[in-house]
Amino acid sequence: PEDTVTSSFASFIRAARPEHLSQTVRQRSKRMILDSIGVGLVGSTTRVFDIALRYCRELYSSVAVSSVYGKPGVKLSPTLAAFTNGVATHSMDFDDTWHPATHPSGAVLPALLAASQMLPPNTKPNGLDFLLAFNVGLEVQGRLMHFSTEAHDIPKRFHPPSVVGTLGSAAATAKLLSLSSAQCCHALGIAASLAGAPMANAATQAKPLHVGNATRLGLEAALLAGRGMEANPLILDDIPGCSGFSAFYSVYQPKPLPAPGEHHEFLLEKQDIAFKRFPAHLGMHWVVDAALSVRNLFINYAGSFSPSLIRTIMLKIPVSKYINRPFPSSEHQARHSFQFNACAALLDGEVGLGSFSESSIHRQELRELLDKVVVEHPEDNVANFDKMYGEVALLLHSGDVLTGKCDTFYGHWRKPLSKESLLKKFRSNASHVLPEEKIEAIITLVDNLENLSDSSQL
């Protein structure tokens, strides 16, 4: 059918051209690609990644043509490489975050990297084709999230990358494979049947599977559509009495996606991305910056950080059950705990990779600080990454009160990481598995992606 929401998305995927990407969009998306590769590389050092890789290598036999992050010489089938690399990207919750809330790069980039290696030598996409496909995947995710006001707040039911990320991966891969409009439509429909994961698995080893599955299953959806599989051509439309993509949202108001061109502005042009300075849920970055601020006040007050002087640690945070964890017992719970991240920042003066080790999590001095935490949920502090704030107040035995507050952390889209900070993060992450010359080669490749004749080199 013509003139439907679903067909408009399919037409957009088909019609998008490199010239539709502004310089701003190109630069922002290249920053995302570089950062995502870096967090994927450091993520390849985690236990959950090892589990996923062993699963793929032991249980599946396939034509192994696609590379795996951090494992030179290891190849898997395209879909399993996408899955494994997606798991790596989200294994530490270190990947980028957008608004409305999702992790856009991890759901798209691994599929495109795997697909680029899958294609025959004479049909390899060039770097500009790759960059365009990446942005098509971002655009589809962003537009889908705007179909519901529910998506603007921190999620309660479905983990967003498992929903919009799966369709974004399908759209990006469909673009890279040059599928027809009808095939693009079917790819989105197939992807919708493969999408969705519950928020209850946040703060567990299962959460990285959400991103791994999103990028893998989106790739599979595009491959199936390219081989003739069909799905409901109205999957994105609001059809009374028959849920399609609307099944994922309580309120659903779909709108057509305008054709690319001079009257279409990519969402990445208007809405930059948030890059994380340390590997934890995005909400943690507000409370950490607030905690570091009040820690400096405390040191000026007392001469050093002395926990014995503190009677109560008051956190003022939004209501969000899955990241309100008073006493986390694992690294994944710690990455999703307002209390832990505030206390770790107070105790150590920083939060980094080492903050989530078993020895760090179970320190007695940290436990003593956690025992002093009290949480409040002010009405004006909403669970929304564009509006929330973090506040940490130290109530001292002397009766004095010291307060730190963060409205916008460094790395948020309102306060973007500088080029120097982004490169420092990438080099630090990549150095866990790659020598310096390869790290610098990746930086150069991404920076000159438009000029790359064969994107599989990436």
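The values are calculated or read from the model by the stated rules, or taken from the named source; none is laboratory data. Just so it is clear, the structure is predicted and the values come from calculations on it, not from any experiment. Cβ: placed from backbone, ideal geometry, glycine included. Neighbour counts: every protein chain shown. All accessible areas refer to the heavy atoms of the entire protein, side chains included, with ligands and DNA or RNA removed. Shrake-Rupley method; radii C 1.70, N 1.55, O 1.52, S 1.80 Å.
Laid out as a table, the results:
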quantity: Per-region count, the range 223-271, residues surrounded by fewer than 17 Cβ atoms within 10 Å (Cβ to Cβ) and not in a loop (DSSP other than H, G, I, E, B); calculated: 3
quantity: Among the candidates L396, L434, L422, residue that is among the aliphatic types (A, V, I, L, M) and closer than 30 Å to L119 by Cα; calculated: L434
quantity: Top-ranked residue of the range 1-52 - restricted to ones that are surrounded by fewer than 19 Cβ atoms within 10 Å (Cβ to Cβ) and of a type in the set (D, E), ranked as nearest to K424 (Cα to Cα); calculated: D50
quantity: Subset tally (residues that are aliphatic (A, V, I, L, M) and surrounded by fewer than 20 Cβ atoms within 10 Å (Cβ to Cβ)) for the range 197-222; calculated: 3
quantity: Hey, V392 assigned to a strand (DSSP E or B) and open to solvent by 60 Å² or more (accessible area, probe 1.4 Å) or not; calculated: no
quantity: Index of the failed condition, F426 passing every other in (1) open to solvent by less than 70 Å² (accessible area, probe 1.4 Å); (2) outside any helix (DSSP H, G or I); (3) among the aromatic types (F, W, Y); calculated: (2)
quantity: Qualifying residues in the range 360-389 (those that are among the β-branched types (V, I, T) and outside any strand (DSSP E or B)) - the one surrounded by the most Cβ atoms within 10 Å (Cβ to Cβ); calculated: I361
quantity: Subset of the range 414-458 (residues that are touching a Pro at 6+ places or on another chain (Cβ under 9 Å), acidic (D, E) and over 22 Å from L268 (Cα atoms)); calculated: D454
quantity: Residues of the range 399-423 that turn out to be open to solvent by less than 50 Å² (accessible area, probe 1.4 Å), within 20 Å of A342 (Cβ to Cβ), assigned to a loop (DSSP other than H, G, I, E, B) and not polar (S, T, N, Q), as a count; calculated: 3
quantity: Near pairs, Cβ below 9 angstrom, 6+ apart or cross-chain, from the range 261-287 (of a type in the set (S, T, N, Q)) to any residue that is open to solvent by 10 Å² or more (accessible area, probe 1.4 Å) and part of a loop (DSSP other than H, G, I, E, B); calculated: Q271/H99; Q271/W413
quantity: Residues of the range 295-321 satisfying the condition of being in a helix (DSSP H, G or I) and open to solvent by less than 30 Å² (accessible area, probe 1.4 Å); calculated: F298
quantity: Pairs where the first residue, in the range 308-331, is under 25 Å from F298 (Cα atoms) and the second is of a type in the set (K, R) and open to solvent by 20 Å² or more (accessible area, probe 1.4 Å), C-beta under 9 Å, 6+ apart; calculated: I310/K372; R311/K372; T312/K372; I313/K372; K316/K405; P318/K387; F327/R367
